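Structure first, commentary second.
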């Protein structure tokens, strides 16, 4: 069973997801600063740069969005030319087009944009021009995958594309069809709004934090939703009723005690533990988590663990335990980009396979795709993980104004 715990105040909404008592996701949304990932805009091309095969598009934000050529060409690979054309042949300054934000602006960089539009629903993802059907690999049986694939083919029109999500497994055709019709209606509304508006203009805003998390990870018949805010409870209850089957009456619990909800339910303690640089694991081993702009480096150490009968057994046990924790923490911290894990050296190939298998099993629970690249020549495990929104740690902690996040202060600086 999962617990979705939501704490609201006038400045911020915070959400923690516990799965069988373990903290697996944390997200925060500031009232004054709404994210734009997933939003649709009518934009105007400002600059086209053939040298980097990209264009900058004004979408009404502080910085122009970045549109790469792969996000301009038709998303269906069979229809893409073998040799990419010059982006200047596809776009020109002043051109108006519908774009969707795939990655939030960060630092000096504007938002990453695409014309490969997608609208996520409860049971499926609708793509108006993708021209293919896909079924989640996490659907358990081939028979169910075939059912969903045939259903998707029946529901789509012309060049529409559909991805049937894992939660669609076992769901009734009617519910999935209604989801499809709703998403198609939203797309038609976006098109109509684009005809009416002058750029730059927002055409469609993605769901807020609470509704988005309910849509993506919450099962009304099995999970608990707890919040300390009656208004948030009303929003959640209304959204749950829209996405739930008619015979299910979702229950939203309102927390009314004096002690803050995160403290009372142990979330604050878990956050404090899981967002440290040095994270102790069961048995006395630990990992060290270092973040840079380009990549994340994670170091595994035996610490106080003296464990198995042989050195290889001790090391392998430590690495497997670390792999399981790292997979959970990647999801919790929403770490993206290149990730390098320095496991303790193992002599046997079977031990390395066991560590990767342990990592993959936990990563299956993560909605964000992680690709395990493999072991480098130096024995490091390399991964990549997608990221669309600002990293969770930026909401959980503020960068120190003295050391600026390095953890070091020059010895010649005096108090």
Sum of -39500 (n - 2.57) over DSSP H runs of 4+, divided by residues of the chain (222 nm, nearest 500): -8500 deg cm²/dmol
Label-point separation (nm) for residue 347 and residue 9, each offset 7 Å from Cα along Cα-to-Cβ? 5.5
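Could you put 316, 114 in order, starting from the residue whose Cβ has the fewest other Cβ atoms within 10 Å?
By the 10 Å Cβ count, ascending, the order reads 114, 316.
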Would you order 244, 7, 140 from fewest to most other beta-carbon atoms within 10 Å of each residue's own beta-carbon? 140, 244, 7
Residue with peak Gaussian network fluctuation, the chain [Cα springs, cutoff 10 Å], from 309, 263, 201: 309
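Taking each pair of distinct Cα atoms in segment 1-122 once, what is the resulting Kirkwood hydrodynamic radius in Å?
After inverting the pairwise mean of 1/r, the radius is 16.8 Å.
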Using 0.36 nm times the number of residues separating residue 95 and residue 34, minus their current alpha carbon distance, what extension gain do you get? 19.2 nm
Residue separation between residue 224 and residue 269 times 0.36 nm, minus their alpha-carbon distance, gives in nm 14.2 nm
Whole-percent tail of the Cα-Cα distance distribution for segment 320-359, cut at 13 Å, equals 56
For segment 119-204, alpha-carbon Rg and Dmax in angstrom: 14.2, 48
To the nearest 10 degrees, the tilt of helix 230-243 (Cα long axis) against the first principal axis of the alpha carbons of the chain is 60
Rank the residues 2, 109 as a footprinting-exposure proxy: fewest other Cβ atoms within 10 Å of their Cβ go first. 109, 2
Assuming 1.002 mPa s and 20 °C, estimate D for segment 277-396 with Stokes-Einstein, Rh taken as the Kirkwood radius over Cα pairs, in µm²/s. 147
Please give the per residue volume of the convex hull enclosing the alpha carbon atoms of segment 235-347, rounded to a whole number of Å³. 197
Contour minus Cα-Cα span, residue 202 to residue 242, at 0.36 nm per residue, comes to 11.9 nm
Two-site FRET efficiency, residue 280 against residue 257, from Cβ-Cβ distance with R₀ of 35 Å, rounded to 0.05: 0.70
Looking at the chain from every direction and averaging, what is the projected area of its Cα convex hull in nm²? 26.0
Mind checking the angle between helix 142-155 and the chain's longest principal axis? C-alpha axes, 0 to 90 degrees, to the nearest 10. 30
In what sequence, highest mean first, do 164-171, 272-279 appear when ranked by Cβ atoms within 10 angstrom? 164-171, 272-279
Which residue fluctuates the most in the chain, going by a Gaussian network model with Cα springs under 10 Å, if the choices are 312, 191, 293? 293
Using Cα pairs closer than 8 Å and at least 6 residues apart in sequence, work out the relative contact order for the chain, in percent. 14
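No lab work stands behind these numbers, since they all come straight from the coordinates. All figures in this text were calculated on a predicted structure; none of them were measured in a lab. Glycine also receives a Cβ, built like all others from the backbone with ideal geometry; neighbour counts cover every protein chain displayed.
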